[in-house]
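The values are calculated or read from the model by the stated rules, or taken from the named source; none is laboratory data. Bear in mind that the values here come from a model prediction, so they are computed numbers and not experimental data. So basically every Cβ, Gly included, is an ideal-geometry build from the backbone, and we count neighbours across all protein chains shown. When the accessible area is computed, the model is the full protein with side chains, heavy atoms only, and any ligands, DNA or RNA have been set aside. Shrake-Rupley method; radii C 1.70, N 1.55, O 1.52, S 1.80 Å.
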Amino acid sequence: MLRLSAQHLPDAQALEYAKRQMLKIPHGFTAYKALIRQADKELEREPETVADKAVVAASGDVHDYISMGPYWWPDPSKPDGLPYIRRGGERNPEIEKLDRFKLSRFIRSVRLLSYAWYFSGEQKYADKAAEFMQVWFMDPATRMNPNLNFGQTIPGRNNNQGRGEGIIETYDFVEMTACVDLLAQGGAIQPELYRGVQRWFSDLLEWMLTSEIGLSEKAAKNNHGLSYDVQVTAYALFTGQEEIAREYIREFPETRFYKQVEPDGSQPLELARTLALHYTIFNIEHMLDLCWLAKRVDMDLFPVTSEDGRSIGKAVEFILPWLGKPQKSFPYQQIKEWDEKQDALCWMIRRVSYLEDKEEYNKLFRKYCKTKDSDLRWLLYPAF
């Protein structure tokens, strides 16, 4: 089965190459067939709607997205469990009752159908993607309000209002907007729908830039703050507000990166987590996404280095020694999914190889990558 977990921004040149060389690149045709099988299933699926839910946000508006902080659990010492308490790295299954996974399934559908259209050329996939977007962004009865006022709520705390942390839940919109651009540039969706989706993201961007919750996430010092920067940049470019994007790209080294990465490449705030390997890779992926966005406005972030040696490349080099190593060798916590994160590390350095010509990274990828040949990443990040 095709694995379509959260991806990150693909390289336009790599996509074009994969489409031309599908039969020659490693696992290309197998991944393509798996993609089409999954996209065909999406053709039969009815779009979900944010308005269809049993638990409504404190606003009383079914169009308001609502989710719950994933690591928060009922307090066993309280009769009603309130307020909830935090258990780092342990996800509460209650989160599945709200909108977060519905949102993830929607984004997954649009991505999957967009790539199926791109690689097959069959309009039916683009039409189905348009149907999903019409429901989520446009139709008055079903659309999501363009805000995250109730993202990552915590029962019993803050009057059940949202938190800045909820903004990270829309991170996959970064790649999805790239997919929408792909469809629009290929003439596969109607201009009216494209403009409507752009207006929705323009409103979301305005909320991110001006709301108390948005500004609190901007002030976050760990991966949440960097996720915020990437989303603002992506949505600004998607909606034609290039100067906002340029501002965030220009300020990234001083305001964000140099404060998160030490001269040796370590990321103390991510290494302090119970999922240290995951969050270190996760944050580097955000950096790489911003590098990709910067390329769209002819700016080059990857080689930028501070006077004391802080750089994205150094952050990669810091975590790389644990590729292919047993979990017991890791001097930090990673309480689960060690093998899965080993694979994520492989794909991270594959992406880096597009930005920095290092045959060493390609050799490491070939040696340690154990990803199934049906995984979409074989098409998104092919070896040139």
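The figure for Trp72 is an accessible area of roughly 40 square angstrom, using a 1.4 Å probe on the protein chains alone.
Please say if the stretch 302-359 is rounded, prolate or oblate, where rounded means a/c under 1.5 for a ≥ b ≥ c the square roots of the C-alpha gyration tensor eigenvalues, and otherwise the choice is prolate for a/b larger than b/c and oblate otherwise? Note, shape of the stretch 302-359 comes out oblate.
Since only Leu82, Ala57, Leu43 are under comparison, the one whose Cα sits farthest along the positive direction of the charge dipole of the stretch 1-154, derived from C-beta charges on Lys, Arg, Asp and Glu, is Leu43. A cut-off under 14 angstrom between Cβ atoms defines the neighbours of Gln198, and their net charge, with Lys, Arg +1 and Asp, Glu -1, is -3.
log₁₀ I(q)/I(0) of the stretch 41-90 at q = 0.14, 0.15, 0.19, 0.32 Å⁻¹, via Debye over equal Cα point scatterers, no solvent, to two decimals? Computed log10 I(q)/I(0) values: -0.59, -0.65, -0.82, -1.07. Once you have the Kirkwood Rh of the stretch 24-159 from its Cα pairs, apply Stokes-Einstein at 4 °C and 1.567 mPa s and quote D in µm²/s. Estimated via Stokes-Einstein, D reaches 76 µm²/s. Measuring with a 1.4 angstrom probe and ignoring ligands and nucleic acids, Tyr171 comes out at about 10 Å² accessible.
Counting Lys and Arg as +1 and Asp and Glu as -1, what is the net charge of the other residues whose Cβ lies under 10 Å from the Cβ of His286? Once all neighbours under 10 Å are counted, the net charge is -2.
Scaled to the globular estimate 2.2 N^0.38 Å, the Cα spread of the stretch 1-89, given as radius of gyration, is 1.76. Heavy-atom accessible area for His63, with the other protein chains in place and a 1.4 Å probe, reaches approximately 40 Å². For the stretch 212-244, the residues whose amide N sits under 18 Å from a probe point set 7 Å from the Cα of Lys259 along the beta carbon direction are 212-233.
Seen from Lys367, the other residues with C-beta closer than 13 Å to its C-beta sum to a net charge of +2, counting Lys and Arg as +1 and Asp and Glu as -1. The mean sequence separation of alpha-carbon pairs under 8 Å and at least six residues apart, normalised by the residue count of the stretch 1-145, gives a relative contact order of 27 percent. The residues Glu270, Glu122, sorted by heavy-atom accessible surface at 1.4 Å with ligands and nucleic acids left out, run Glu122, Glu270 from largest to smallest.
Residue-wise HN-Hα couplings along the stretch 223-234, as the Karplus relation 6.51 cos²θ - 1.76 cosθ + 1.60 with θ = phi - 60° gives them from phi, are 4, 5, x, 5, 4, 4, 4, 5, 5, 4, 5, 5 Hz; Gly and Pro carry x.
Both radii come from the Cα set of the stretch 69-145: Rg as radius of gyration, Rh as Kirkwood radius; their ratio Rg/Rh reads 1.22. Free of any trypsin sites (Lys or Arg not before Pro) that DSSP assigns to a loop and that have at most 15 other C-beta atoms within 10 Å, the longest stretch within the chain is 222-335. Taking amide H as placed 1.01 Å from N in the peptide plane, the amide H of Gln334 sits under 5 Å from that of Ala276, each at least 5 places away or on another chain. Ellipticity at 222 nm from helices only: DSSP H runs of n ≥ 4 in the chain, each -39500 (n - 2.57), divided by the residue count, give -15500 deg cm²/dmol. The length gained by stretching the chain between Ala141 and Arg87 to full extension, at 0.36 nm per residue less their Cα-Cα distance, is 15.7 nm.
Each residue of the stretch 261-384 gets 113 Å³ once the volume of the Cα convex hull is shared out per residue.
What the phi angles of the stretch 359-371 give under the Karplus curve with 6.51, -1.76 and 1.60, with θ = phi - 60°, is a coupling list of 4, 4, 5, 5, 5, 5, 4, 5, 6, 10, 5, 10, 5 Hz, glycine and proline written as x.
With all protein chains in place and ligands, DNA and RNA left out, the 1.4 Å accessible area ranks Glu359, Glu217 as Glu359, Glu217, largest first.
By the Cβ distance rule (another cysteine Cβ under 4.7 Å), the unpaired cysteines of the chain are Cys179, Cys291.
Evaluating 6.51 cos²θ - 1.76 cosθ + 1.60 at θ = phi - 60° for every residue in the stretch 165-182, the Karplus couplings come out as 4, x, 5, 5, 6, 9, 4, 5, 4, 4, 6, 4, 5, 5, 5, 5, 4, 4 Hz, glycine and proline recorded as x. Treating each Cα of the stretch 183-331 as an identical point scatterer and summing with the Debye formula, the log10 of I(q)/I(0) at q = 0.15, 0.16, 0.21 Å⁻¹ comes to -0.82, -0.90, -1.28. Based on the alpha-carbon gyration tensor of the chain and its eigenvalue square roots a ≥ b ≥ c, which shape applies: rounded if a/c is under 1.5, prolate if not and a/b is larger than b/c, or oblate? Judged from the Cα gyration tensor, the chain comes out rounded (a/c under 1.5).
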